[in-house]
1. Report the charge-dipole magnitude of chain A in Debye, nearest 20, computed about the Cα centre from +1 at each Lys and Arg Cβ and -1 at each Asp and Glu Cβ.
2. Roughly how tilted is helix A:27-54, in degrees to the nearest 10 and between 0 and 90, from the longest Cα axis of chain A?
3. How about the range A:131-186: which trypsin sites (Lys or Arg not before Pro) there lie in a loop by DSSP and see at most 13 other Cβ atoms within 10 Å?
4. With N residues in the range A:23-176, what two-decimal value do you get for its Cα radius of gyration over 2.2 N^0.38 Å?
5. Divide the volume of the convex hull of the Cα atoms of the range B:281-381 by its number of residues and quote the answer in cubic angstrom per residue.
6. Taking the Cα centre as origin and putting +1 on Lys and Arg beta-carbons and -1 on Asp and Glu beta-carbons, what dipole magnitude results for the range B:49-94, to the nearest 20 debye?
7. For the range A:68-133 and the range B:66-133, what is the separation of their Cα centres, given in Å?
8. What is the angle, in °, between the Cα long axis of helix A:290-309 and the longest principal axis of the Cα atoms in chain A? Nearest 10 is fine, range 0 to 90.
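Derivation of every value follows stated rules applied to the coordinates shown; laboratory data play no part. Everything quoted here is computed from the prediction, not taken from an experiment. Virtual Cβ from ideal backbone geometry, glycine too; neighbours counted across all protein chains shown.
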Amino acid sequence: MKSPMKMLAPAPAGPPPALVAEPRPGGAQRAAELLQRQGVLAVLVLLCVISSVVFSSFGTLDNARGIAIQGSFLAVVALGMTLVIVTGGIDLSVGSVFALGGVLAAWASQYGFVPALLVPLAVCGAIGAVNGLLVAKAGMAPFIVTLASLLGARGLLLALTHEGATTYLVPRGSAFHELGAGTVWGFGYPVLIALALFGLGGVVLQRTSFGQALFAVGGSGDAALLMGLPVARTKVLVYTLSGLLAGFAGALNAARLSSGVTIIGVGMELDAISAVVIGGTLLVGGAGSVSGTLWGVLLLGVIQNLINQIGSLDSSYQSVVSGGFLIVVVVAQRYLSGARRGT
Amino acid sequence: MAPPEAAAARSAPPGPGGPPGGAPPAPVLEAAGVGKRFPGVVALDDVSFTLRAGEIHALVGENGAGKSTLIKILTGVHRPDEGELRLAGEPVVFHRPHEAQQAGISTIYQEVNLVPLMSVARNVFLGREPKNRLGLIDFRRMHEETAALLGGFGITTDPRRPLHTLGVGTRQMVALARAVSVRARVVVMDEPTSSLEPREVETLFGVMRDLHARGISLVYVSHRMDELYRICDRVTVLRDGRVVHTGDLAGTDRVRLVSLMLGREMARVRAEGATSFGEQRDPAAQPVLTASGLTRRHVLDGVGLSLRPGEVLGLGGLLGSGRSETAKALAGALPLDGGEITVGGRRLSRLSSAAAIRAGISLLPEDRKAEGIVPGLSVRENIVLAALPRLTRFGFVSRRRQDRVVDIFMKRLRIKAASPEQKVGELSGGNQQKVLLARWLCLEPRVLLLDEPTRGIDVGAKAEVQTLIDELAAEGLAVLLISSELEELVEGADRIVVLHAGSVAGELTGDDVTEGALLTVLARSAPDAPAEPAVPAEPAEPAEPAALPQPEGAKEPR
């Protein structure tokens, strides 16, 4: 793997004093910007090309389908996380909410397709909305608020399943079961749904006023307020969206597994945050993209897949590699944003 | 989601044309008897402010006079506790900045309030982006309109560039573009020129005249006197949260304006002389501290001064002249580009807070809440904080020695607290200030730098602190005293160095230490806009240092 650090150009000197015409940013600044935006994609492509050469089983369509379906649930969760992190917040509750969404969907699937989707969406959306209200209106720290709902959602889940003793099953042959099991060209529905959501998420983030408000809130909350943006409403909405997406991902996962599994989703919030940060979204907010997150999710998936390919390596090492990669990315981001500011 | 106000995004000229004729212009925006309290402070007290249609109204006052609070009330950031706002005669209440903007009041804040990571165009149109038929943001139109808007100000830059890659002046212009591209009836500008280059100031004035011609009313806050006289029609002077003067600018001369801001009546100023306060110290004594050529880009420009033991040196100057920065530089708390500080004949090789403290320099900062006091800790803990290394043996802090030191200083400085264990946050402002003073005196300094030591404390405590300063000097300490209050400066100091735009503009010694003399130097050196000779608002002054080429110093980082 080629370290992105190698590609770093030396930081240019400070910009000349502003006169009437602003000079174009230097080449190094632009390169740094491009790297920050598309660096993950480059690494991902490179890794895939090398892996296909080294491991004959990597480059197959089946393997690609596997990576895609494995990653699709995390992708949906990470999409919501991206929006939250762009506002400078964080949502630690998504792992628990994901699991809760799955159990609710499995339980409600006995009443049909629509309840199986609506029940988890309603409950998880409500949890997200409460997160948002506490953050935006009560001014509490997102870390604390969502840590509390992480615990709360997990507790609710355990209560619903009688401490995990009861497992709700999705009826075989039901439409909801088909949602998880069906495929198009061998790619599972969840993959297609995740892609569609990312397309939608990209449009929302880049091409709507709401998306611009997310960037503004994360970039400078005070400025956003003084410019008359609905800062509180934006925050409530973004945590609600995150809850909805996590719950929806959980429901999809339940459909695929045909049951509401209680032990999943532990630590998923950290995977989601890793994917978002690897994807080039600044943890402090104000800059980021959903496409980067998609590449981040895929990169994590590919790393896991590769470690599985190397049979001799314990799969636990996946976390070690991902963790190491995260550090590299964060360090690179630091240097890149320095280069971009011309400091 | 923000309501789509695409219509307002058009850069079409705003509708209402002001009546340029001789008829008495109706008020566009009025604040009637507005009061605003913050915990422990009365920020505004019965302030009435009237902005007429099509005028440029200057709002001036020293730091803490209430300008910012008034602006924040006019623009919906704060709501008044008393009184009301009237927009074109109708009472209005703004709950949020957004509502004020909807009502046609747009604002350019002193510190550019834009989002640095977003592009120029996105910043200009944030919250009112032009949309295409699908309801999505039309970036092409947004970029074109931004380029056109900025082009109107003589600025060519790629609207796609992230804002943080632009210079500060250009950013200010982007803020201006944003403010005027809304259909504004009123534009409020809070010190817009403090970060502008001379050419940009001209551009800004051009835009302001253009807005003026279109009948838009402007509120203009600045402490650069000649700018006010060049561009403004009327002036309102605030002091201590009250309006002390409103009137035509043309009929108010410059010295009078300064004396209104500082609260000294000319007649009294001229009549009063030096008081019994400042006895002569031995002028031949060897200086304990000498500083020369203290320089920091945009802030200090070669400040030099010396302090003798037993002397109180006053540091005067208007807001933004570099008073606090000089004190910070002496205390090693402000990184310098150049300059030399000598203490007791030995030159400080590395300028850091630790080195300054070791050399015996202590600074009592201006903002005691943010930079000094730890409200949650007790009086004892606050006092010994800086002295801990000296009271420590083998890593253990001797409680007995602490108590002894604390006891001495509480008595000597007459700190009124229930016990040494009372939390400092519960004490009055004056006693908090004394606790801070005690903290630094524990270190047995040779030089004490006091930045506004009596600000925000009541009259009685003020007198006590002033007496203490005198006592300390009498004991042989060299004291640097910064104060916005002329009276305090003149009565407390033996000598006064006046700063202007980050360099020394004058020095008063001996019998010259009078309010009249100080006021004259201050008025002469009142910050000027760059590259423009002072207007003839001031008659017979030999104003040689008035047109300094360095305009940067005009903002005061807090």
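1. Approximately 640 debye in magnitude.
2. Result, in degrees: 40.
3. A:137, A:172
4. 1.39
5. Cα convex hull per residue, to the nearest whole number: 129 Å³.
6. Here the size comes out at about 120 debye.
7. One Cα centre to the other: 36 Å.
8. Once rounded, the angle reads 60 degrees.
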